[in-house]
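What follows is one structure encoded as C-alpha cells, with my remarks underneath.
What follows draws every value from the coordinates through simple rules; no lab data is involved. Only a predicted model underlies this, so the values are computations on that prediction, with no experimental measurement involved. With ideal geometry, Cβ positions are generated from the backbone for all residues, glycine too; neighbour counts draw on all protein chains shown.
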Amino acid sequence: MLILIGFVSVYLFDPSNGKYLSRIYRNGWESIEAAKSAPDVACQFKMYVLENINALTFQADNGKYLGRVLYGDSAYSEDNYIQANKSDADSVSQFQYWFQYATPPAGRPKSIGKIALRSDNGRYWVRRNDNGVDFIKPLSVNPVFYELIIAE
C-alpha cells in the first residue's frame, strides 16, 4: 500500500513553449498538455511525496491522479500519454524525479526550481506536438525539465 506523506499545490511550466501544463478534456481523454499562457484551476496539481520510494504523484483538479496511458502496444511508442484518469496512485502514477533548485525568473517569484519526471517505462515527460496539440508524453531518454511553481 502506498502512503502519501503530504502535498503541496503546484504549477508546472514548460519553458520550451512558455505554457503551463494543464488538464484538458479532449475526445473523452483527460490529457495533460502544455497549453495555457496563464495558470487556472486546471493547471494546479496536488504534488504528493510517496513514502519510501523516492517518487511523486500528482492529482489534478478532477480528483484523478496523473498516470501513463498506453494506446498502442509499445511502452516506448508515441502512443503513450500522461493523463488525469487514475482513481488511485498505482504504479503508472508514480514518477521518479530529478529536482534542481534555481533562482526564480522575473514574473514568477514562487518558482522554486526545475523538475524532470520519469514514468514507469523509464522515459521522461516531454512535450510532443500532435496535430497542433502539445501533449505531454513519457518518451524522452534524457531529462526534460519543467519549472516547478508553488500555487497560491
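Only the Cβ atoms of Lys and Arg (+1) and of Asp and Glu (-1) were treated as charged; on that basis the dipole of the chain about its Cα centre amounts to roughly 320 debye. Charged side chains reduced to their Cβ positions (Lys and Arg at +1, Asp and Glu at -1) give the range 75-125 a dipole of some 400 debye around its Cα centre.
Debye calculation, C-alpha points only, no solvent: report log10 I(q)/I(0) for the range 73-123 at q = 0.13 Å⁻¹, in the same order as the q values. Rounded to two decimals, the profile gives -0.48. For the chain, the percent of C-alpha pairs falling in each 5 Å distance bin, counted from 0 to the bin holding the largest distance, reads 2, 10, 20, 26, 23, 14, 5, 1, 0.
Positive end of the dipole of the chain (Cβ unit charges, origin at the Cα centre): among ASN27, ILE115, VAL141, the Cα lying farthest that way belongs to ILE115. With a cut-off of 11 Å between beta carbons, the residues surrounding SER93 carry a summed charge of 0, where Lys and Arg count +1 and Asp and Glu -1. Across all directions, the average flat footprint of the convex hull enclosing the Cα atoms of the range 1-52 is 5.0 nm². 3J(HN,Hα) couplings calculated from phi for the range 107-124 with the Karplus curve 6.51 cos²θ - 1.76 cosθ + 1.60 (θ = phi - 60°) are, in sequence order, x, 9, x, 8, 5, 10, x, 10, 9, 10, 10, 10, 7, 5, 8, x, 10, 8 Hz; Gly and Pro show x. Between the residues PRO39, VAL92, VAL69, the greatest Cα displacement towards the positive end of the dipole of the range 1-130, with unit charges on the Cβ of Lys, Arg, Asp and Glu, is found for PRO39. 3J(HN,Hα) couplings calculated from phi for the range 77-89 with the Karplus curve 6.51 cos²θ - 1.76 cosθ + 1.60 (θ = phi - 60°) are, in sequence order, 8, 5, 7, 9, 9, 9, 9, 9, 9, 9, 6, 10, 7 Hz; Gly and Pro show x.
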